[in-house]
Amino acid sequence: MRLGIIPEGFIDCIALASGKMPTPLVKSFWGVALGRTLIAGTRLGVFEVLSEGEKTAEEVAQDTGCNPEGMETLLNALNGFGYLKRRNGRYSITKQTAKWLTESSSSSIRDAIMFLFELWNDFSDIERAVKSGKIKDFHFRDRPPEFWEHYIRGLATFARYNGPEIVRKVSPIKKPRRLLDVGGGHGMYSIAFCRKYPDLQVEVLDLPGAVIQGKRIVKEQGFQDKIQFREGDLRVTEWGDDYDIILLFNIIHNVSYKEAPEIFIKAYQALSSYGMVVLLDSEHVGGEKDLSTTSGFNELLFFVINGCRVYPEETIRKWMIEAGFTNLKKGKLLTLPMTLFLTGYK
Ligand SMILES: C[S@@+](CC[C@H](N)C(=O)[O-])C[C@H]1O[C@@H](n2cnc3c(N)ncnc32)[C@H](O)[C@@H]1O
């Protein structure tokens, strides 16, 4: 997926077609501006307040505890970006805003937007990181509980979308009894598997800050009897054995090139004789030619925040085969097309 410039009128169309408009300037200004404005609207509770009905800027300011003039400018910016409607001095949310950005909507991505605030704070260190190459893993900095709440609930948002599709596309040899969700955080992928296999017992292995949040989410969803949490560093903790399914979802980009092959060996050893591994990660086409937006950008993102890389599919397949996995299969997810989704059997 690529972001583009959409003209707002006839003159804009001509300007764009003329090739005279400095498009990198437009993208670097509006790209950051749009993202940061949406995050501010979410953090200040603007969409929640307006989900009650249309209001003036003064009313929204009062309901959110903000300055009226400041709020008016924020509402106008959100209107300009197409997230709010503005009629006779009153503001209301659009259908898309109601669907994606309000907390009460079943499609809400509000938690993910809250997490983006934390992410872009860390990412703003980009020049220092690229210059020095010295990065402390995002997960091992001193973080308050709110960070873990936004991080883990933010990721749970994605899992709500693609969890059911993944479960439909995973074919275990036998009905699975035990599943290990490595770096499983929120437990939402495990919940999706438990919904399909009611006798399944799950262990989620993750860092302490994530475990606190994951336990809460799993309890809210009513799966606390099926899903247990274990605190530990996935690189050093024993994983256990006799699992029928091991999930490695978005964790390979958190380990170094040296550590990654060992993760697949650990997975192989922890599986039962008919077990399978399921991998989900950021896609990377590899090779020497042009990259997709996801392949290119996510490499930079994970380098700046974790000091790690997104590894090309070919490299991941090689690590899986070297660990002993066979019959590797790649699936495509309509709910999240820019991911690498691979399964392999023991
Ligand atoms: C990007 S999140 C992925 C969460 C979940 N698997 C998913 O796909 O939505 C990475 C997860 O790995 C956990 N994690 C990162 N480094 C870890 C480590 N060294 N040991 C255990 N867990 C780790 C994080 O706390 C987080 O829950």
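Taking all C-alpha pairs of the stretch 6-148, those more than 24 Å from each other amount to 47 percent.
Compute the convex hull volume of the Cα atoms of the stretch 106-197, divide it by the residue count, and report the result per residue in Å³ as a whole number. It would help to have the intermediate numbers written out before the result.
Working: hull volume 13.0 nm³, N = 92.
Dividing the Cα hull volume of the stretch 106-197 by its residues yields 142 Å³.
In this structure the amide hydrogen of SER272, modeled in the peptide plane, comes within under 5 Å of the amide hydrogens of ASP242, TYR243, ASP244, none closer than 5 places in sequence on its chain.
Suppose R0 equals 35 Å; then what is the FRET efficiency for GLN269 and ARG168 from their Cβ-Cβ distance, rounded to the nearest 0.05? Could the numbers behind the result be given before it?
Values: r = 28 Å, r/R0 = 0.80.
Using R0 = 35 Å, I get an efficiency of 0.80.
What separates the Cα centres of the stretch 146-205 and the stretch 229-252 is a distance of 13 Å.
Counting other beta carbons within 10 Å of each Cβ, put ILE93, ILE126, ILE135 in order, fewest first. Spell out each step's value before the answer.
Numbers: ILE93 23, ILE126 14, ILE135 18.
Listed from fewest to most nearby Cβ atoms, that is ILE126, ILE135, ILE93.
According to the calculation over all Cα-Cα pairs in the stretch 284-346, the P(r) per 10 Å bin from zero is 20, 44, 32, 3 %.
Taking 16 Å as the straight-line reach from the Cα of LYS85, the lysines in range (excluding those fewer than 8 positions away in the same chain) are LYS55, LYS95, LYS99.
Hey, any idea what the orientation-averaged projected area of the convex hull of the chain's Cα atoms comes to, in nm²? Could the numbers behind the result be given before it?
Working: hull surface 80.6 nm².
The orientation-averaged projected area of the Cα hull of the chain comes to 20.1 nm².
In order along the stretch 311-316, phi translates into HN-Hα couplings of 9, x, 3, 4, 5, 5 Hz, rounded to whole numbers, per the Karplus curve 6.51 cos²θ - 1.76 cosθ + 1.60 with θ = phi - 60° and x for Gly and Pro.
Close amide-amide hydrogen proximity is noted between CYS308 and PHE303, each under 5 Å apart and 5 or more residues distant or on a separate chain (H modeled in the peptide plane; Pro and chain starts excluded). Taking amide H as placed 1.01 Å from N in the peptide plane, the amide H of ASN250 sits under 5 Å from that of LEU280, ASP281, each at least 5 places away or on another chain. For the chain, a Gaussian network of Cα nodes joined below 10 Å ranks PHE223, PHE81, PHE115 by mean-square fluctuation, and the top entry is PHE81.
When each of ASP12, ASP290 is scored by the number of other beta-carbon atoms lying within 10 Å, the sequence from fewest to most is ASP290, ASP12. Once the Cα atoms are used to define both axes, helix 293-306 deviates from the longest principal axis of the chain by about 80 degrees. List the pairs from LYS134/LYS266; LYS266/LYS318; LYS318/LYS346; LYS175/LYS196; LYS169/LYS332 whose alpha-carbon separation is above 20 Å, in the order I gave them. As for pairs spanning more than 20 Å Cα to Cα, those are LYS134/LYS266.
Computed from the coordinates by the stated procedures, all read-outs in this text should not be read as laboratory data. On a predicted model such as this, the values are computed, not experimentally measured, just so you know. Every residue, glycine as well, gets a Cβ built from its backbone with ideal geometry; the counts of neighbours run over all protein chains shown.
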